[in-house]
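What follows is one structure encoded as structure tokens, with my remarks underneath.
The values are calculated or read from the model by the stated rules, or taken from the named source; none is laboratory data. None of these values were measured; they are calculated from a predicted model. Reconstructed Cβ throughout: ideal geometry from the backbone, glycine too, with neighbour counts over all protein chains shown. Protein only, heavy atoms only, side chains kept; ligands, DNA and RNA dropped before computing areas. Shrake-Rupley method; radii C 1.70, N 1.55, O 1.52, S 1.80 Å.
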Amino acid sequence: MAERIDYRGYRLEVGPVGKGWRAAIYAPGAASPLPESPAVLETINKEEIITKAKEIVDARLLSRP
């Protein structure tokens, strides 16, 4: 079961995959996750994948005009 995290208007759905984690990032109102959503199949701390997902969201927001 994926954990939902709302972050700066985006939805992050974090769940286990293999020995690691996946964080599907959904833009506001989107039905499909962003292609750059991070996934690590090797052993990784869940908080690390959440941090990576938040960094992607932050970068997208900074690059908006």
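What do you reckon, is Glu55 outside any strand (DSSP E or B) and loosely packed, with under 12 Cβ neighbours inside 10 Å? So Glu55 passes the test.
Pairs linking a residue in segment 44-59 that is within 12 Å of Gly20 (Cβ to Cβ) to a residue that is part of a loop (DSSP other than H, G, I, E, B) and open to solvent by 40 Å² or more (accessible area, probe 1.4 Å), with Cβ atoms under 9 Å and 6 or more positions apart or on different chains, are Ile44/Lys19. Among the residues of segment 13-28, those that are of a type in the set (D, E, K, R) and either buried (at least 16 other Cβ atoms within 10 Å of the Cβ) or within 18 Å of Ala59 (Cα to Cα) (or both) comprise Glu13, Arg22.
Conditions tested, residue by residue: (1) surrounded by fewer than 11 Cβ atoms within 10 Å (Cβ to Cβ); (2) in contact with a helix residue (DSSP H, G or I) (Cβ under 9 Å, 6 or more places away or on another chain); (3) at pLDDT 95 or above; (4) outside any loop (DSSP other than H, G, I, E, B).
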| residue | (1), (2), (3), (4) |
| --- | --- |
| Arg11 | no, no, yes, yes |
| Ala30 | no, no, yes, no |
| Thr51 | no, no, yes, yes |
| Pro65 | yes, no, no, no |
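Tallying residues that are under 12 Å from the mean Cα position of the chain (by Cα) and not in a helix (DSSP H, G or I) within segment 33-49 yields 8.
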